[in-house]
1. Could you give the dipole magnitude of the stretch 242-330 about its Cα centre, charging the beta-carbon of Lys and Arg +1 and that of Asp and Glu -1, in debye to the nearest 20?
2. Could you give the dipole magnitude of the chain about its Cα centre, charging the beta-carbon of Lys and Arg +1 and that of Asp and Glu -1, in debye to the nearest 20?
3. Could you go through the stretch 45-57 in sequence order and give the Karplus-derived ³J(HN,Hα) for each residue, using 6.51 cos²θ - 1.76 cosθ + 1.60 with θ = phi - 60°, rounded to whole Hz, and x for Gly and Pro?
4. Apply the Karplus parameterisation 6.51 cos²θ - 1.76 cosθ + 1.60, with θ equal to phi minus 60°, to every residue of the stretch 230-237 and state each ³J(HN,Hα) to the nearest whole Hz, in sequence, with x for glycine and proline.
5. I'm spelling it out carefully: the read-out is percent of Cα pairs over 33 Å apart, the candidates are [x] 45; [y] 36; [z] 32, and one was derived from this structure. Which label?
6. Sort Val354, Val170 by Cβ crowding within 10 Å, fewest neighbours at the top.
7. If each residue's Cβ is checked for other Cβ atoms within 10 Å, how do Cys183, Cys266 rank with the fewest at the top?
8. Report the one residue of Pro229, Ala219, Gly258 whose Cα lies farthest in the direction of the positive end of the charge dipole of the stretch 205-285 (charges on C-beta: Lys and Arg +1, Asp and Glu -1; origin at the Cα centre).
Amino acid sequence: MPVVCMAVPQASAALARFTVLDLSRVRAGPTCVRQLADWGANVIKVEVPEHLEPGDPAGGPRQGPDFQNLHRNKRGITLDLKSPDGVALFRRLAVKADVVVENFRPHVKTRLGVDYPTLSKINPRLVYASISGFGQDGPYRDRPGVDQIAQGLGGLMSITGEPGRGPMRVGVPIADLTAGLFCALGILVALLEREQSGKGQEVATSLLESQIFMLDFQASRWLNAGEVPPQAGNNHPTSIPTGVFKTRDGHINVAAVGGTLWERLCRAIGAEALIDRPEYATAAARLKNRDALNAELETYLTGRTSAEWVDRLNEAGVPCGPIHSIDKVFADPQVKHLGIVREIATAGGTLRVVGQPVTLSRTPSRVAAPPPGRGEHTGEVLREFGFSDAEIEKLRRDRVI
């Protein structure tokens with residue numbers, strides 16, 4: 001029998017029929033589960049009881065912006081998985097669940113007895129998703145994995161930053177975030193396949209694999225052309241001129257890829273004389289002479305303000321845009337129009353978060369519930385799974401929950 005959740009408002013109707021047990025911590029796993037929660041899945045976040053882990057959870061203060069951003073639209077229970085009764089309780093939940101998500105180191109779930117081979121025996125329809133630093137097997141399987149380590153090992157830091165300045169990390173935890181998103185995609189694929197086969201399966205990804213996938217054309221340059229991509233700073237590695245250019249009062253991004261856009265750019269900024277210069281006449285020539293070309297373009301672009309160039313170049317059909325600080329992002333009229341910032345009332349005031357970047361016409365996503373307090377929903381969730389009040393009280397007395 002499916003678990004029916006009546007206690008919290010639905011974030012969406014799209015995934016409302018699925019129940020997800022979330023054992024994950026910090027960022028990659030919670031990012032995955034946030035995708036499911038935002039589309040209406042009945043997500044139950046499992047945390048350690050406070051007597052076993054006092055203070056803030058891994059990932060920062062519970063009332064801090066990071067935790068609050070990651071855990072909306074979920075309910076929370078506490079459970080001691082290191083106790084036999086806690087494992088037995090979790091298995092009882094897993095019998096009725098559709099999905100389990102975890103990001104322990106690979107050996108931990110087996111030691112605890114909540115691994116896929118164990119749980120699939122009691123629930124063959126279960127989709128069991130794992131996120132690790134480096135993979136479920138192999139020489140690095142038991143290493144602790146965090147985002148910046150994956151950025152370095154996966155090659156991203158070698159192509160980020162200015163030439164000669166050393167490796168540079170990306171300004172967001174991109175390995176964590178992409179691992180979470182790919183894991184959510186894998187879960188949805190497995191749930192779709194289950195509709196045909198009736199069987200669950202194991203879904204696994206890692207920060208390292210996700211990071212390497214995100215190298216995209218830079219990886220293909222090595223795999224198929226034997227090129228080791230270097231750092232290119234703010235310049236696009238292969239499309240010229242595409243990069244950051246100074247203006248009278250700041251900087252703008254300009255992307256004039258191909259002959260047509262190159263000519264449009266030159267005419268829009270009054271640099272027609274550059275069009276027929278042999279050193280800039282072809283894409284290959286512009287790439288070879290990139291630094292000189294960029295310097296010449298800036299002699300024209302410094303004559304007007306960023307806002308003037310953004311308007312003028314967009315009118316000419318040349319991709320161009322401002323370079324916003326984070327505060328200016330959310331003040332931008334297009335960002336306001338898109339309505340991607342969502343608000344919900346919490347006990348501490350109004351919580352503002354970035355909503356889903358995908359719109360569905362019939363079953364949209366919304367922020368329906370604030371992040372749960374530790375163990376806030378333990379009693380109601382266990383009752384939904386068939387536990388009696390007497391059983392719940394005994395579990396509390398025994399400090400299992």
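Laboratory data are not the source of any read-out in this text; all were calculated from the coordinates shown. Computed from a predicted model, the values in this text were never measured in an experiment. Note that we place each Cβ from the backbone using ideal geometry, even for glycine, and neighbour counts take in every protein chain shown.
1. On the way: 11 positive and 12 negative charges, 25 e Å.
Result for the stretch 242-330 is approximately 120 debye, rounded to the nearest 20.
2. Details: 47 positive and 44 negative charges, 139 e Å.
Around 660 debye, computed over the chain.
3. Going residue by residue, I get 7, 9, 10, 6, x, 4, 5, 8, 8, x, x, 6, x Hz, with x marking Gly and Pro.
4. x, 5, 10, x, 7, 7, 5, x
5. [x]
6. Numbers: Val354 11, Val170 17.
Least to most surrounded, the residues fall as Val354, Val170.
7. On the way: Cys183 28, Cys266 21.
Fewest-to-most ranking of Cys183, Cys266: Cys266, Cys183.
8. Gly258
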